[in-house]
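Q: Handing you a structure now.
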Amino acid sequence: MLTLLSAMTLMLVAGAQGLLPAVADEKNLKPPENIEVYIIDDNFTLEWNSSDGTVGNVTFSAVYQTPEMDDWIKLPGCQHTAGTKCYFSLPDLDVYEELQLRIRTEKGNDTSSWSEVYSFIPFNKAQIGPPKVHLAAEDKAITVYISPPGTADNVMWSLDNKAFTYSLVMWKNSSNIEERIEKVQPGGKIYKLSPETTYCLKVRAQLLLYSKIGIYSPVCCINTTVENKLPPPENLEISANNKSYIMKWDYAYVNVTFQAQWLHGFLKIASGTNLHKWEQIPNCEHIKTTYCVFLRKFFPKGIYYLRVQASNGNSTSFWSEEKKLNTAIYTIIPPPVISMKPVNDSLRVDINAPGVPLIYEIIFWENNSNTERKYQGGKTDFTIANLQPLTVYCVKARAHFVSKSWNKSSVFSDIVCEKTKPGNSYKSWVIAGICIAAVFIVVIIYIMKNLLRCFNYVFFPSLKPPSNIDKYLSEQPLKNLLLLTTEEQIERCFIIENTNTNTIMKETNQIDEDHKRYNSQTSQDSGNYSNEDENTGSKASEELLQLETGSPEMNS
């Protein structure tokens, strides 16, 4: 029994002694530090530092993960790497998505813990690589053919291939001095060079939208050719009218013919050369004039490049400098069509506009005034308010097209004039005027009616009494109490005592005597007198009635 225990103890001690080096080695392996990623086009370089890098038989392995992944995946090209650098590529990688990396140190079957996670977005880290450049020489120009950075199936710049712009630095090989820095397009030319001279250049690409500037290409050199007998045409200019383009150029030689060609603008930035993409411009072949007219319909909306070549028999010149034709610049904006409609004391202006966004300038004035008011904006309908009622106003307008590269305006439209309607205040004045006129007419009618009554009363008096009464009157009746008379009228009274005798009493100076006599009577006499008076008046009334009715007693 004791022997068995001793043997087991020896085995455990031996096992522990065997494990101690392994544990010690694992504890001695440290994870990499200072991880960094460098990207040029689609080429990734992963670098790190390690204190165990000098220890023999030490390797490194990396894994990666994206937000969509649940597990870490081995990074291709970075497994069991002996140095502190590895190269990898991920063809199916989304370059705009975050990528996470981590590395560990390995020695045999022993490994360190994983390093801290290094996160980055590939597109933000990427640098534009050098483009591929090919040159072709003429006597005074060099054509620069450029292929964009990266491979044909690159992932990093797949969405930005056509957004690259290129600049170059060029110098004469003999001077080694950088003379010219220019922007150039693929297939573009560098002009105004010297014949039979060696020029060197280097090109780099840029993505201005992302502020990315690429690496220069390797230096390329080429010799220009011997000067050609026929110089190329110069100073190309393009103008346009309603239906045609007119291209003119300068040329000093006579007895030559010309031909003109065109090229789609997008082919300038396409990869590869474009030697065989130029096409003949209609009606611009074998012409002897220094201008060419061609229809606008042959060049739909877009960007084109034009060039001209001179020929004399079997001799031909090099092509002229290329002239860029942007059809949008030469598009003629028609004047807007205006319609106006009066609404109370306002005018509603409508503009018949094309389908493109334009800015409209409207000039507005009163017809009888030279004072103009200006409105400007993108609306095609608006209202000019607070105008004078029943007043003629005139409007004209023109359209402006504004962009970053150019501005263009139409001519002014035809002048449109319209008269405003009566406003609310005017209607109020009209109603008030009508009411005042109605009251005035009523007053006039009332006054005229009274004047007419007076007029009739004066000039057309009432009819005379009956003839059987009028014959007892010694004088004409009074005409009108309103008329002024030169002498006092004397009223004559008639007292009829009986049917056989008519007594006429004249009131003269006796009136005063009778009045005195009446006043001297006593109150008793006054009563008697009154009774007699009443009886006398009653009798007189009866006799008058008999006279009017023609009583037989009176007649007898």
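Q: In whole Hz, what ³J(HN,Hα) sequence does region 439-447 give by Karplus (6.51, -1.76, 1.60; θ = phi - 60°), x for Gly and Pro?
A: Along region 439-447, the couplings run 4, 4, 5, 4, 4, 4, 4, 5, 5 Hz.
Q: Using only the Cα atoms of region 35-148, build the gyration tensor, take square roots of its eigenvalues as a ≥ b ≥ c, and label the shape rounded, prolate or oblate: rounded if a/c is under 1.5, else prolate if a/b is larger than b/c, else oblate. Each step should come with its number before you reach the end.
A: Numbers: a/c = 3.65, a/b = 2.05, b/c = 1.78.
Here region 35-148 falls in the prolate category.
Q: Subtract the Cα-Cα distance of Leu452 and Lys408 from 0.36 nm times their separation in residues, and report this length gain in nm to one decimal. Spell out each step's value before the answer.
A: Details: separation 44, 0.36 × 44 = 15.84 nm, distance 7.96 nm.
Between Leu452 and Lys408, full extension yields an extra 7.9 nm.
Q: Further, regarding this structure: Are any of the pairs Lys172/Lys323; Lys140/Lys268; Lys125/Lys323 more than 32 Å apart by Cα-Cα distance, and if so, which? Could you put the intermediate results ahead of the total?
A: Numbers: Lys172/Lys323 26 Å; Lys140/Lys268 21 Å; Lys125/Lys323 38 Å.
The answer is Lys125/Lys323.
Q: Right, next: Ranking request for peptides 250-259, 186-195: highest mean number of other beta-carbon atoms within 10 Å first, then the rest in descending order.
A: Details: 250-259: 13.7, 186-195: 16.9.
Ranked from most to least packed, the peptides come out as 186-195, 250-259.
Q: Ordered by residue, what ³J(HN,Hα) values in Hz, to whole numbers, does region 92-107 give under the Karplus form 6.51 cos²θ - 1.76 cosθ + 1.60, where θ = phi - 60° and Gly and Pro are x?
A: These are the phi-based 3J(HN,Hα) values: 9, 6, 7, 6, 9, 10, 5, 10, 10, 10, 8, 9, 9, 9, 10, 8 Hz.
Q: In addition: Put a dot 7 Å past each Cα toward the Cβ at Ser158 and Thr45; how far apart are the dots in nm?
A: Here the answer is 2.5 nm between the modelled labels.
Q: Want the number for Asn344 to Asp52: 0.36 nm per residue separation, take away the alpha-carbon distance, what's left?
A: Values: separation 292, 0.36 × 292 = 105.12 nm, distance 9.21 nm.
Here the answer is 95.9 nm.
Q: If amide hydrogens are placed 1.01 Å from N in the peptide plane, which non-local residues have theirs closer than 5 Å to the one on Ser167?
A: Val184, Arg204
Q: Compute the Cα gyration tensor for region 142-260, then decide on rounded, prolate or oblate, letting a ≥ b ≥ c be the square roots of its eigenvalues: rounded whenever a/c is under 1.5, prolate when a/b is larger than b/c in the other cases, and oblate in all that remain. Please list the in-between numbers first.
A: Working: a/c = 2.69, a/b = 1.34, b/c = 2.00.
Oblate, since a/c reaches 1.5 and b/c is not below a/b.
Q: So which trypsin sites (Lys or Arg not before Pro) in region 194-283 pass both tests, a DSSP loop state and at most 16 other Cβ atoms within 10 Å of the Cβ? Walk me through the intermediate numbers first.
A: Numbers: sites: Lys202, Arg204, Lys212, Lys229, Lys243, Lys248, Lys268, Lys277; in loops: Lys229, Lys243, Lys277.
Listed in order of number, the matching sites are Lys229, Lys243, Lys277.
Q: Okay, moving on. Within 10 Å, count the other beta carbons around each residue, average over each peptide in 88-98, 433-443, and list them highest first. Intermediate values should be presented prior to the final figure.
A: Values: 88-98: 13.5, 433-443: 10.0.
Taking the mean over residues of other Cβ atoms within 10 Å, the ranking is 88-98, 433-443.
Q: Okay, moving on. Report the calculated FRET efficiency for Lys132 and Lys301 (r = Cβ-Cβ distance, R0 = 35 Å), to the nearest 0.05.
A: Working: r = 32 Å, r/R0 = 0.92.
Efficiency, from the Cβ-Cβ distance: 0.65.
Q: Each label point is 7 Å from the Cα along the Cα-to-Cβ direction; what then is the distance between the points at Asn241 and Phe460, in nm?
A: 8.7 nm
Q: On to the next question. Name the long-range amide H neighbours of Lys212: under 5 Å, sequence gap of 5 or more, or other chain; modelled H, no Pro or chain starts.
A: It is Leu207, by chain and number.
Q: In addition: Extension gain His286-Asn352, at 0.36 nm per residue separation less the Cα-Cα distance, in nm?
A: Values: separation 66, 0.36 × 66 = 23.76 nm, distance 4.44 nm.
In short, 19.3 nm is gained.
Q: Suppose each label sits 7 Å from its Cα in the direction of the beta carbon; what would the Glu372-Met69 distance come out to in nanometres?
A: 6.9 nm
Read the figures in this text as sums done on the coordinates, not as results from a lab. Since the structure is predicted, the reported quantities are computational estimates derived from the model, not experimental observations. Neighbour counts run over all protein chains shown; Cβ positions are idealised from the backbone, glycine included.
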